[in-house]
Amino acid sequence: MAKASRGEELRSSDERVWGPVILQAAESIVVHGIDLNVEDEVETYWDIVFANSYQYAVEEFADRADERLDETAAALAQVLSRGWLGSADVVSPQGVFSDSITLRATQIENPEDDLYGDKPLGAFWTSSYLPNGDSAWSRSEKSEFASLNRKLRNFTFRLPPPRDIFIIRYPEDYRRLVADYPRKLQNGRTVVDWRRASDDYMAVRLTACGLALAHHFRVVTPAGVAWLSGWDAESTAWLHLPCNADLDN
């Protein structure tokens, strides 16, 4: 009999399995004594973004059971399911850091490897505005692209029908996306066939809740085990530009 994978072993146990992002955030909550009843959702979001950045700092960043953090992770998951953090809505305007107001046409390609995670090449990327008016990408922009001195611009558009935007809030959402559009990399990893997905969807949005719960969470699909990676913030990958799309000055 073939040996079960670590993911299969975890899912066959009685322990609750969490993604590494929410567990890292839960660890910070415990260490720093953060009161989730007091902290506002903007700071909670930045806690999640910071926790997600550990994907680049540790050798293994994967879902697991952790009895010590289980209760805190469950409480945080409840917070993430509400308000701006849990919203699935794509709202106009979105924020874009750009040195130009020119909108380039999208041309979706599949990455040949998973060096940058499971992301659609050639997509147009935006982030929502937080309740305090900041872009959900603003801190990542400052830490990763400050030297480019790009301006934050409003991306306005006519809202497409909800069916045209695929929303990732939970691991099951990503599992369904991969199951519908599977693709195998040479290293055996199963990822999304973004070119096929672009035939049916205008955009894919990873919510703040999805960043915490679905990112780096291994899911079992008919085509193999898959996990979303490489997304650094709440964001929408536009596979096609929506109607009346515009960037302001």
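The values are calculated or read from the model by the stated rules, or taken from the named source; none is laboratory data. These numbers come from a predicted model, not from an experiment. As a convention, Cβ positions derive from the backbone with ideal geometry for all residues, glycine included, and neighbour counts pool all protein chains shown. Remember, those area values only see protein heavy atoms, side chains included, never the ligands or the DNA or RNA. Shrake-Rupley method; radii C 1.70, N 1.55, O 1.52, S 1.80 Å.
Annotations
- Across the stretch 64-104, the qualifying residues are those that are of a type in the set (D, E, K, R) and assigned to a helix (DSSP H, G or I), and the one among them that is nearest to the chain's Cα centre (by Cα) is ASP70.
- Counted residues, the stretch 37-53 - those being of a type outside the set (A, V, I, L, M) and more than 22 Å from SER135 (Cβ to Cβ): 1
- Residues that are open to solvent by 50 Å² or more (accessible area, probe 1.4 Å) and either under 13 Å from THR44 (Cβ atoms) or of a type outside the set (Asp, Glu) (or both), drawn from the stretch 76-92: GLN78, ARG82, GLY83, VAL91
- Checking each residue in the stretch 214-249 for being in contact with a Leu (Cβ under 7 Å, 6 or more places away or on another chain) and either of a type in the set (Lys, Arg) or not in a loop (DSSP other than H, G, I, E, B) (or both) picks out HIS215, SER235, LEU247.
- Pick from the stretch 13-57, criterion of a type in the set (Asp, Glu) and in a helix (DSSP H, G or I), ranking: farthest from the chain's Cα centre (by Cα): GLU27
- Residue satisfying condition, being touching a Gly at 6+ places or on another chain (Cβ under 9 Å) and surrounded by fewer than 17 Cβ atoms within 10 Å (Cβ to Cβ), within set LEU103, LEU115: LEU115
- Filtered by the rule that a residue be in a loop (DSSP other than H, G, I, E, B) and open to solvent by 10 Å² or more (accessible area, probe 1.4 Å), the stretch 193-213 gives ASP193, SER198, ASP199, ASP200, TYR201, MET202.
- Long-range neighbours under 6 Å by Cβ, at least six apart or interchain, first residue over 23 Å from SER140 (Cα atoms) within the stretch 104-127, second assigned to a loop (DSSP other than H, G, I, E, B): GLN107/GLY122; ILE108/PRO120; ILE108/GLY122; ILE108/SER198; ILE108/LEU239; GLU109/GLY122
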